[in-house]
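Chemist: Please see the structure below; I have some questions.
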Amino acid sequence: MNVYVDESGDMGYTNKSSRFFVLTCFCISEFENDKLEKDVKKYLSKLIRSNKKRIHYFHAYKESDKTKKDLINIINIYDYEVKYFVLEKNKYRKAYKDFILDSLSNINQKVNKITLSKYETRRSVNDELLNYSKNQNMEIKLTSQSILLQVADLFSWVIFQKIEKGNSEYFNLCKSFTKQNP
């Protein structure tokens, strides 16, 4: 089992901050992993050919409704599971690194590799996760460097839309979500 981890929400505690922080784990078998990656890359190549100015990776926040729905339809062909963890920030103030590590420790499947999305503006979180990962089969990458991290980003956005914004449209299109408690 390979696990790709992304987050949605922010780490702030101001009036402008999100109410929730969501950690999303996209889980897929090693067998399905390569096939899905190939199909998503093929779809991305098609989008790039039709729009040369397009960014060369998926980022759910920036994608059109059609692109998000098409991508969900491609992913739904495969056997996968999305596990997600929700931190309601006004009720619980926990170090984000601790929340992430506690959440990851609750994945009960046989995990071959965990790929974490790099927190581009949170160097201290990256440093602590890298220190922790020395004893784990874990890597940290920019989302743009991994097609399946981009899939995790999509699912993280879908869950965040449901929890933070009350928009279940995309959530209802997906086939396998499991809410976990860290």
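Chemist: So how many residues does the stretch 142-171 have that are in contact with a helix residue (DSSP H, G or I) (Cβ under 7 Å, 6 or more places away or on another chain), under 25 Å from PHE31 (Cβ atoms) and of a type in the set (Ser, Thr, Tyr)?
Modeler: Matching residues across the stretch 142-171 total 1.
Per-residue answers, yes or no, for (1) more than 23 Å from PHE58 (Cβ to Cβ); (2) within 15 Å of the chain's Cα centre (by Cα); (3) at pLDDT 70 or above; (4) surrounded by 20 or more Cβ atoms within 10 Å (Cβ to Cβ):
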position	(1), (2), (3), (4)
ASP102	yes, no, yes, no
SER117	no, yes, yes, yes
SER124	yes, no, no, no
LEU142	no, yes, yes, no
ALA152	no, yes, yes, yes
PHE155	no, yes, yes, yes
LYS179	yes, yes, yes, no
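Chemist: Which of the residues belonging to the stretch 20-47 are exposed (fewer than 14 other Cβ atoms within 10 Å of the Cβ) and either closer than 24 Å to GLN161 by Cβ or hydrophobic (A, V, I, L, M, F, W, C) (or both)?
Modeler: Just the residues of the stretch 20-47 that are exposed (fewer than 14 other Cβ atoms within 10 Å of the Cβ), to begin with: 30-31, 34-35, 38, 41-42, 45-46.
Selection gives PHE31 alone.
Chemist: With LYS113, LYS52 as the choices, which residue is basic (Lys, Arg), closer than 18 Å to LYS141 by Cβ and surrounded by fewer than 18 Cβ atoms within 10 Å (Cβ to Cβ)? So that I can check it myself, show each step before the final result.
Modeler: Working: LYS52 fails: closer than 18 Å to LYS141 by Cβ.
Every option except LYS113 fails the conditions.
Chemist: Additional query: From the list TYR57, TYR78, TYR61, which residue is part of a helix (DSSP H, G or I) and of a type in the set (Phe, Trp, Tyr)? Walk me through it before giving the result.
Modeler: On the way: TYR57 fails: part of a helix (DSSP H, G or I); TYR78 fails: part of a helix (DSSP H, G or I).
Just a single option satisfies the conditions, and that option is TYR61.
Chemist: Could I ask something else about it? Within the stretch 4-20, which residues are of a type in the set (A, V, I, L, M, F, W, C), out of contact with any Ser or Thr (no Cβ under 7 Å at 6 or more places or on another chain) and modelled with pLDDT of 85 or more? Quick ask: steps written out before the conclusion?
Modeler: Taking the stretch 4-20 first, the residues of a type in the set (A, V, I, L, M, F, W, C) are 5, 11, 20.
Next, from what is left, pick out any that are out of contact with any Ser or Thr (no Cβ under 7 Å at 6 or more places or on another chain): 11, 20.
Of everything in the stretch 4-20, just one residue is of a type in the set (A, V, I, L, M, F, W, C), out of contact with any Ser or Thr (no Cβ under 7 Å at 6 or more places or on another chain) and modelled with pLDDT of 85 or more, namely PHE20.
The values are calculated or read from the model by the stated rules, or taken from the named source; none is laboratory data. From a predicted model like this one, the values you see are computed outputs, not experimental measurements. With ideal geometry, Cβ positions are generated from the backbone for all residues, glycine too; neighbour counts draw on all protein chains shown.
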